[in-house]
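Structure first, then comments.
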Amino acid sequence: MNDNRPKQTDRQVLRVDNLRIEVKTDAGPGPVLVDDVSFTLCKGEVLGLIGESGAGKSTIGLASMVYTRSGCYITGGKIVFLDNDLRELNSDQRRNTRGVKIAYIAQSAAASFNPALTIYEQVCEVAVRHGLMNFADAKREAIKLFRELELPNPDTFGDRYPHQVSGGQLQRAMAAMAMVAKPDLLIFDEPTTALDVTTQVEVLASFRKLIREHGTAALYITHDLAVVAQIADRIMVLRHGKMVELGDATQILQHPTQEYTQKLVAERVAASTHEFVESDESGEALLKIDRVSASYRTLVKVINGVTLDIRRGDTVAVVGESGSGKSTLARILVGLLPREEGDIRFAGESLPPRLKDRSKDQLRRIQMIYQMPDVALNPQQTLLEIIGRPVSFYFNKSGDQVRQRVTELLRQIDLPESFITRRPGELSGGQKQRVSIARALAAEPELIICDEVTSALDPLVAEEILRLLKRLQDELGVAYMFITHDLGTVKRIANKVAVMLKGQLVAFGPTPKVFAPPFHPYTELLLSSVPEMRADWLDEVLAKRRQLV
Amino acid sequence: MFKLISQRVALGLLTLLLASALIFLGVEALPGDLASKLLANNATPENLAALRLELGLDRPMLVRYWEWLSHMLQGDFGASLSNKRAIIGDLGPRALNTFFLAGYAAVIAVPLAVALGIIAAIRQGGIFDRLVNVVTLFSISVPEFFIGYVLVMLLAVKIRLFPVLSNVTPDTDFMQRLYLTFLPMATMVMVVVAHMMRMTRASVLAVMASPYIEMAILKGLPKWRIVVQHALPNALAPILNVVALNLAYLIVGVVVVEVVFVYPGMGQWIVDSVSKKDLPVVQACGMIFAAVFITLNILADVLAIISNPRLRHPR
Amino acid sequence: MRLFGHKLTASAQIGLVIIAINVVAAILAPIIAPYPEADIVGTAWGPPSAEHWFGLDNLGRDVFSRILYGARMTIGLGLLITLLAFVLGTIGGFAAAVLGRWVDTVLSRLADLMLSMPTLIFALVVLSVMGTDIPVLIITVGLLYSVPVFRLARAVAMNIAVLEYVEAAKLRGEGLWWIIRREILPNALPPLVAEFGLRFCFTFLFIAALSFLGLGIQPPQADWGSMVKETGQMIALRPIALYPAGAIALLTIGVNLVVDWLLAIHSRGHGEEV
């Protein structure tokens, strides 16, 4: 990647000096979203902005077009674009910069395309409305871009409405929409985050091709270091609206100087190393799922003939992309969706298909932790009520005993005792997820189903949660069924893995075995799609895929 | 889409049928029968039996319902109990008066409310928006008859611009009608505009908050084009819905206004007939009101279906 | 001043004061009213004076006293009907949301049917048949207004019922009653309280409209709607009708101001100022 890095003599496209953005409400000034951030961007260069949620990266991206969301205001600094300070332009001049010279590519194409207009109308709009081309020329340009972006049937693609094409295609169409007026600067705001991993690879590749061939400068905003490694020449790390570190991509990824960056990199490296948790076959059988099938009201089976087993102390990861049926499997297991065929045996006895036919003790022994800690905890209850309820419900304990047990559980999940009177609204995302864990533990279960428990959390917080789960497993011997789409998590925590595709199990076994040749083709596709921090990863994957085709 | 629309229309017709059954049964379900209720104190066995025969109460209920419904479909609403005249004769001119008044109000109110609603939404939080908010809160809080009387006080008593009562006859010419019905029209406009405007503003605001509007801003499009090309096509369905619902409200709200201005329409008639217990008239007027109300509701849904791009251009 | 742990805005305070005045008037009417409700105390259409602040009505009754007594009738009846509508509507709505299946289908279809009919016309038909007793009035309007309450309660409960903390309670094996009482109700309360206020306004506006049409509260009992009817025809001579009509408007505005505030604190989310 170093060979096509811009020389310092190249023309400067964007210079941001001491940018400051604040929230202002009727009640007075709010938090500072961006504080004293500066950077420059030259022609043909890609700068990656990286950080956790609340780092201010999207705010900076939008501010580069002198746009802020409602309630936010740019209160300081300069935004110099091609020698003009955009903040000093009047609204018409700003308007004539947006879309024409600086274009934006948003996270969700499905939401950012107007459902009432065809793709052509929206792609050509910028060029036509700003008087750069007539509609026929713009259409020709659009078709050219559709072809470059490898969209199917490029000649007629634009005649369709946004809801008529797939998410990955729409995301690429948004890139075409941004490029049609040949802007000098592109702003990518988490453009692949909403996509499945296998789709992400292709979209990422077409974005990179587009930027390189047109020599456009770009700001690439993402939370994923491995993604930014494929596309950026330089990287800026942000935290709480402040710059942590800015440097060459290779330097940031291989020799980070700041502690925070080091942590981020270390976390990502740990996720992509190939050291597996060794499978231990000594535990006695706990759960046996035997040729289970189920469907919702339609006749199509959402889960079809799935067989897998979990031993005591196991961590079995169930992986797959959206729509693979992995969450549905959990719903069948707990009885929310009754199975139609097959059997589920837990500790030797067959579990009734329906939730309401199960005994209190059967319910107690399988607990669940959810993806979104915000909606998994009743906002009106205190932690005492939330964690204490399973204690009093399953074990008929008195008020004092419940309080004592809750205190003990709080200690186990590393939360201070004083939190017992707090409500979920007063906790951070990671703390809420710990409370969810405590609530599950309060039932003293033998199996805990973890449904995407880390995917709503920032990477460093997620790692702490994973470590906590591991520690609790060592202490209590509880088994986990770990539903996730993130293969990095799987490698780190699971000793067995089940790969699901369209409601069926395509592979199941000890993690080292499933994730090593000979692969099931889908496992290989999935595995190869997980971005790695090596800069040449994307090229490798693409080369490998071309061979396969 | 055609399937959805025909389903909706069929459901509407079913609702209408059920409404007719309710209106018919409501009267049938009287404790004691209609005849004894009507005669009250002068009920002797003989004249009770005579009246029952006259009303056809000796035959099964379902047969009578069918007769009532099929006659009504042919324009025969039966005879009034109070003056023994055929209802259809009085219903025609009265229905015309009512629809004239409601239509008059709608022609003024709809464009006004939609325009004001869109302006308030675009200038959200501005002085105009705040002013509009206060005014609409006030007019929603105030009963129709209060607005009516205030208008009478101001425009008919203090300044003698308009008549206190809206006396129209079948011979009144069109311009004269517009003048005579100005105050009742204005009353209805004031009530309905507030509602319609609030709802229009809310639907436009909901659309203006979508990511594709932000995208249009980031494409550097001028504000008017964003509103006209990107927001309105998507806000159209909810706005049409709002309009149709408010028209339905208008046609029913006309009842109170007609009483205030002693306007010879269906509303005043139904109220009169309720106090006189002239049940055939109540049934007839009730059916017409229900039919218009239900039709407008169907129209609202059908328009919403038609203006939804996802339904218009299926995958 | 604070309420429900949130600071009251100026307009909410004004609203509360208006409501308080009305409630006090309603409760204390027999004590503070200078004249009895139905007594003729002077000549018809007598002008306002020191003895009769708002003047005398079409029969020579004291308008000020009748407004105080009218508050009693209007507010009491409004509350009673709203309560009935709420009991029926929320029980039905929660049952439909939590039980789902055929309970939901049947109740929702019924509600759709009721909503697609004009309320006023429906009430007129019922009242023409059943007569205009107060119990009939309460049941009819209460039933009619339980439909929109049902729709809201169902929607709110549905939104909460799909949240994972409710699923967690189900998985724990909690009973239906516990789930409704402990998990759903506390979170559904703010929108329901706001709806109660709005519904109360609609109710007494509706009763006022019925009384105005001569089909609601019957004379000689005082009620704001019927007072407007009795005095409205002579508005050209004496604008007495403006007092009861104004009282209706004032109370509605007061309730609306408080409702707006309630909705605003609800949409801002709870927990920040607990």
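The values are calculated or read from the model by the stated rules, or taken from the named source; none is laboratory data. Predicted model only: the values in this text are computed from it and were never measured. Methodologically, a virtual Cβ is constructed for each residue, glycine included, from the backbone with ideal geometry; neighbour enumeration extends over all protein chains shown.
Which residue, of C:ALA155, C:ALA111, is under 30 Å from A:PRO390 (Cα atoms) and modelled with pLDDT of 85 or more? Even if it seems obvious, please write down each step before you answer.
On the way: C:ALA111 fails: under 30 Å from A:PRO390 (Cα atoms).
Only one candidate passes the filter, namely C:ALA155.
I'd like the residue in region A:151-171 that is within 15 Å of A:SER206 (Cα to Cα) and surrounded by 14 or more Cβ atoms within 10 Å (Cβ to Cβ) and, out of all such residues, is farthest from the chain's Cα centre (by Cα).
First, the residues of region A:151-171 that are within 15 Å of A:SER206 (Cα to Cα): A:151-152, A:154, A:167-171.
Subset that is surrounded by 14 or more Cβ atoms within 10 Å (Cβ to Cβ): A:151, A:154, A:167-171.
Working: A:LEU151: 24, A:PRO154: 30, A:GLY167: 15, A:GLY168: 15, A:GLN169: 19, A:LEU170: 19, A:GLN171: 16 Å.
Filtering region A:151-171 for residues that are within 15 Å of A:SER206 (Cα to Cα) and surrounded by 14 or more Cβ atoms within 10 Å (Cβ to Cβ), the one farthest from the chain's Cα centre (by Cα) comes out as A:PRO154.
Could you look through region A:320-373, keep only residues that are more than 9 Å from chain C (Cβ to nearest Cβ) and hydroxyl-bearing (Ser, Thr, Tyr), and pick out the one that is farthest from A:PHE515 (Cα to Cα)?
The extreme case among them is A:SER350.
Which of (1) closer than 30 Å to B:ILE288 by Cβ; (2) more than 8 Å from every other protein chain (Cβ to nearest Cβ) is the odd one out, the single condition C:ALA161 does not satisfy?
Of (1) closer than 30 Å to B:ILE288 by Cβ; (2) more than 8 Å from every other protein chain (Cβ to nearest Cβ), only one is false for C:ALA161: (1).
Report whether or not B:ILE122 is in contact with a helix residue (DSSP H, G or I) (Cβ under 9 Å, 6 or more places away or on another chain) and modelled with pLDDT under 85. Give the derivation first.
On the way: in contact with a helix residue (DSSP H, G or I) (Cβ under 9 Å, 6 or more places away or on another chain): yes; modelled with pLDDT under 85: yes.
So B:ILE122 passes the test.
Determine which member of the set C:PRO219, C:PRO148, C:PRO135, C:PRO191 is surrounded by fewer than 20 Cβ atoms within 10 Å (Cβ to Cβ) and within 30 Å of A:GLN433 (Cβ to Cβ). If you could, list the steps in order and put the result at the bottom.
Numbers: C:PRO219 fails: within 30 Å of A:GLN433 (Cβ to Cβ); C:PRO148 fails: within 30 Å of A:GLN433 (Cβ to Cβ); C:PRO135 fails: within 30 Å of A:GLN433 (Cβ to Cβ).
C:PRO191 is the lone residue from the list that is surrounded by fewer than 20 Cβ atoms within 10 Å (Cβ to Cβ) and within 30 Å of A:GLN433 (Cβ to Cβ).
Before we move on, is B:LEU303 away from chain A (no Cβ under 14 Å), among the hydrophobic types (A, V, I, L, M, F, W, C), in contact (Cβ under 8 Å) with a residue 60 or more places away in the chain and crowded, with 20+ Cβ neighbours inside 10 Å?
Numbers: away from chain A (no Cβ under 14 Å): yes; among the hydrophobic types (A, V, I, L, M, F, W, C): yes; in contact (Cβ under 8 Å) with a residue 60 or more places away in the chain: yes; crowded, with 20+ Cβ neighbours inside 10 Å: no.
Considered against the rule, which asks whether it is away from chain A (no Cβ under 14 Å), among the hydrophobic types (A, V, I, L, M, F, W, C), in contact (Cβ under 8 Å) with a residue 60 or more places away in the chain and crowded, with 20+ Cβ neighbours inside 10 Å, B:LEU303 comes out as no.
For A:SER53, are the conditions met, namely being at pLDDT below 90 and within 14 Å of chain B (Cβ to nearest Cβ)?
Judged against the criteria, A:SER53 is not a match.
Give just the number: which of (1) farther than 26 Å from B:GLY267 by Cβ; (2) in a helix (DSSP H, G or I); (3) more than 9 Å from chain B (Cβ to nearest Cβ) does C:PRO220 not satisfy?
(2)
Residues are listed down the side, and each one gets a yes or a no for (1) among the β-branched types (Val, Ile, Thr); (2) surrounded by fewer than 20 Cβ atoms within 10 Å (Cβ to Cβ):
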position: A:VAL23; (1), (2): yes, yes
position: A:VAL32; (1), (2): yes, yes
position: A:PHE39; (1), (2): no, yes
position: A:LYS43; (1), (2): no, yes
position: A:GLU52; (1), (2): no, yes
position: A:THR75; (1), (2): yes, yes
position: A:ASN90; (1), (2): no, yes
position: A:ARG94; (1), (2): no, yes
position: A:THR97; (1), (2): yes, no
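Being at the interface with another protein chain (Cβ under 9 Å from one of its Cβ atoms), of a type in the set (Ser, Thr, Tyr) and under 24 Å from B:PRO170 (Cβ atoms) is the filter here, so list the residues in region B:262-296 that pass it.
Passing the criteria: only B:SER273.
Residues being small (Gly, Ala, Ser) and within 25 Å of A:GLY44 (Cβ to Cβ): count how many of those fall in region A:126-184.
So the first thing to find is which residues in region A:126-184 are small (Gly, Ala, Ser), and the list is A:127, A:131, A:136, A:138, A:142, A:158, A:166-168, A:173, A:175-176, A:178, A:181.
Still in the running and within 25 Å of A:GLY44 (Cβ to Cβ): A:127, A:138, A:142, A:173, A:175-176, A:178, A:181.
Residues meeting the conditions: 8.
Taking A:VAL100 as the residue in question, decide whether it is touching a residue at least 24 places away in the same chain (Cβ under 8 Å), under 13 Å from B:LYS219 (Cα atoms) and either facing chain B (nearest Cβ under 9 Å) or out of contact with any helix residue (DSSP H, G or I) (no Cβ under 6 Å at 6 or more places or on another chain) (or both). Steps first, answer last, please.
On the way: touching a residue at least 24 places away in the same chain (Cβ under 8 Å): yes; under 13 Å from B:LYS219 (Cα atoms): yes; either facing chain B (nearest Cβ under 9 Å) or out of contact with any helix residue (DSSP H, G or I) (no Cβ under 6 Å at 6 or more places or on another chain) (or both): yes.
Yes, satisfied.
Scanning region A:220-235 for residues that are over 18 Å from the mean Cα position of the chain (by Cα) and surrounded by 24 or more Cβ atoms within 10 Å (Cβ to Cβ), which turns out farthest from A:ALA175 (Cα to Cα)?
A:ILE235
Among (1) on the phi < 0 side of the Ramachandran plot; (2) buried (at least 19 other Cβ atoms within 10 Å of the Cβ); (3) within 12 Å of chain A (Cβ to nearest Cβ), there is one condition B:GLY220 misses while meeting the rest; what is its number?
Among (1) on the phi < 0 side of the Ramachandran plot; (2) buried (at least 19 other Cβ atoms within 10 Å of the Cβ); (3) within 12 Å of chain A (Cβ to nearest Cβ), B:GLY220 violates only (1).
Give me the helices (runs of 4 or more DSSP H) completely within region A:332-427, filtered to those with at least 3 residues that are modelled with pLDDT under 90, ordered by residue number. Outline the logic, then answer.
Values: elements: A:360-365, A:373-376, A:383-395, A:399-412.
Output list reads A:373-376.
Can you tell me which residues in region B:145-179 are of a type in the set (A, V, I, L, M), more than 12 Å from chain C (Cβ to nearest Cβ) and either touching a Lys or Arg at 6+ places or on another chain (Cβ under 8 Å) or buried (at least 20 other Cβ atoms within 10 Å of the Cβ) (or both)?
Within region B:145-179, B:VAL168 is the sole residue that qualifies.
For region C:128-144, does any single residue satisfy the condition of being free of Cβ contacts under 8 Å to residues at least 40 places away in the same chain, within 15 Å of B:VAL252 (Cβ to Cβ), of a type in the set (Ser, Thr, Tyr) and within 14 Å of chain B (Cβ to nearest Cβ)?
No, region C:128-144 has no match at all.
Table: residues versus (1) among the aliphatic types (A, V, I, L, M); (2) free of Cβ contacts under 8 Å to residues at least 60 places away in the same chain; (3) touching a Pro at 6+ places or on another chain (Cβ under 6 Å).
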position: C:PRO191; (1), (2), (3): no, no, no
position: C:ALA194; (1), (2), (3): yes, no, no
position: C:ARG199; (1), (2), (3): no, no, no
position: C:PHE206; (1), (2), (3): no, no, no
position: C:LEU210; (1), (2), (3): yes, no, no
position: C:MET227; (1), (2), (3): yes, no, yes
position: C:THR231; (1), (2), (3): no, no, no
position: C:ALA236; (1), (2), (3): yes, yes, no
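Which ranges mark the helices (runs of 4 or more DSSP H) fully within region A:103-153 that have 2 or more residues being within 13 Å of chain B (Cβ to nearest Cβ) and without any contact (Cβ under 8 Å) to a residue 24 or more places away in the chain? Spell out the reasoning first.
Details: elements: A:109-112, A:119-129, A:135-148.
Correct list: A:119-129.
Pull up region A:393-408, narrow it to residues that are under 22 Å from A:GLN362 (Cβ atoms) and crowded, with 17+ Cβ neighbours inside 10 Å, then point me to the one that is nearest to the other protein chains (Cβ to nearest Cβ).
So the first thing to find is which residues in region A:393-408 are under 22 Å from A:GLN362 (Cβ atoms), and the list is A:393-397, A:405.
With the extra rule that they be crowded, with 17+ Cβ neighbours inside 10 Å, the set shrinks to A:393-394, A:405.
Working: A:PHE393: 6, A:TYR394: 8, A:ARG405: 16 Å.
Here the answer is A:PHE393.
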